[in-house]
Amino acid sequence: MARMTASVYTSHVPLIGVAIDNDLTQDEYFKPLFDGYQIGRQWATANTPDVVILVFNDHANAFALDIVPTFALGMSETFAPADEGWGARPVPSVEGHPALAAHIAHSVIRDDFDLTLVNNIPVDHGCTVPLSIMYDRPSSWPCKVIPLFVNVVQYPIASAKRCLDLGKAIRRAVESFDEDLNVQIWGTGGMSHQLQGQRAGLINQPWDQAFLERLVHDPEDLATMEHVEFVREGGSEGIELVMWLVARGAMSDLVGGKAPVEVHRHYHVPASNTAAGQLILEEANPH
Ligand code: DHB
Ligand code: FE
């Protein structure tokens, strides 16, 4: 059977992708950020899964505002990097896993989550920057990726609790897939940031640090957080952090298993106008 072995949480700031694509990671500005990614990169190389379920939001690149699905699963064989206005990033296309995606769709929809299914859709920095953070610049990505799009751009947005529960449903789906696959789930976005309006540039380090701590040790309690707190404390785009709850929901301690092992935690300010965070949690017993 397929196994959920680890969860990864990371910001997906476009500027981080620009730094990687243009060999700027050792520049004075970027070096402290990338120094903090080294352990994660080593871990990612030593623990490359067969499939990553990559939870992110489209930033009005693929969906614009014509269609706004709350949750959408990528079913295709491949997903091209999106042109976000200045040409597509020079990164490989993402290869999907249609059979596992179809199984997840069946299982999760029968678990009462009304997923939208998408084919032939480009993936923006929300998906490609986390892959670059973990795998640098390979000629092809080292694993299959099933993109899971979460709307955090146009209200109404799913609650943190709904996101955590979706993660639990995804775990059930993966663990009932009849093929021996090593699967990770990654939640991306955040941390605190606001890109617009009077509070543009907002970063709230104590709140981010507390978020990381609660995400590791008390995710059920963290999932009671209301949107108004995400936005008040974490900025208008800090709401992206709800996607970290999807990944956290897929860990076995939420269904009676052992607490996951914290492999790495990294927090750096600033990356662009954003607080960048990263967390890696491994299952204690990935059987
Ligand atoms: C920026 C954009 C993002 O989508 C994000 O998550 C963080 C930062 C930016 O434009 O700087
Ligand atoms: Fe974003």
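The values are calculated or read from the model by the stated rules, or taken from the named source; none is laboratory data. It should be emphasised that the depicted structure is a prediction, and the values quoted were computed from it without experimental measurement. All Cβ positions, even for glycine, are placed from backbone atoms using ideal geometry, and neighbour counts span all protein chains on display. Note: areas computed on protein heavy atoms with side chains; ligands, DNA, RNA excluded. Shrake-Rupley method; radii C 1.70, N 1.55, O 1.52, S 1.80 Å.
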*List the pairs whose first member sits in region 205-220 and is free of Cβ contacts under 8 Å to residues at least 40 places away in the same chain and surrounded by 15 or more Cβ atoms within 10 Å (Cβ to Cβ), whose second member is assigned to a helix (DSSP H, G or I) and not hydrophobic (A, V, I, L, M, F, W, C), and whose Cβ atoms are under 7 Å apart, counting only residues at least 6 apart or on separate chains?*
Trp207/Glu233; Trp207/Gly234; Arg214/Asp221
*Would you pick out the residues in region 238-287 that are among the small types (Gly, Ala, Ser), open to solvent by less than 10 Å² (accessible area, probe 1.4 Å) and away from ligand 2 (no atom under 16 Å from the Cβ)?*
Gly249, Ala250
*Which residue pairs have Cβ atoms closer than 6 Å, lie 6 or more positions apart in sequence or on different chains, and pair a first residue in region 64-89 that is touching a residue at least 40 places away in the same chain (Cβ under 8 Å) with a second residue that is of a type outside the set (S, T, N, Q) and open to solvent by 40 Å² or more (accessible area, probe 1.4 Å)?*
Leu73/Leu117; Met75/Pro98; Met75/Leu117; Ala80/Pro122; Pro81/Ala88; Ala82/Pro122
*In this structure, is Phe177 touching a helix residue (DSSP H, G or I) at 6+ places or on another chain (Cβ under 6 Å), in contact (Cβ under 8 Å) with a residue 24 or more places away in the chain and more than 15 Å from ligand 2 (Cβ to nearest atom)?*
yes
*What are the residues in region 1-28 that are open to solvent by less than 20 Å² (accessible area, probe 1.4 Å) and either among the acidic types (Asp, Glu) or outside any loop (DSSP other than H, G, I, E, B) (or both), if any?*
Met4, Thr5, Ala6, Ser7, Val8, Tyr9, Thr10, Ile16, Gly17, Ala19, Ile20
*(1) open to solvent by 10 Å² or more (accessible area, probe 1.4 Å); (2) modelled with pLDDT of 95 or more: which one isn't true of Asn120, the others all being true?*
(2)
*Pick from region 134-179 the residues that are more than 21 Å from Ile239 (Cα to Cα) and in contact with a Lys or Arg (Cβ under 8 Å, 6 or more places away or on another chain): which of them is surrounded by the fewest Cβ atoms within 10 Å (Cβ to Cβ)?*
Asp136
_Is it the case, given these coordinates, that Thr188 is hydroxyl-bearing (Ser, Thr, Tyr) and more than 16 Å from ligand 2 (Cβ to nearest atom)?_
no
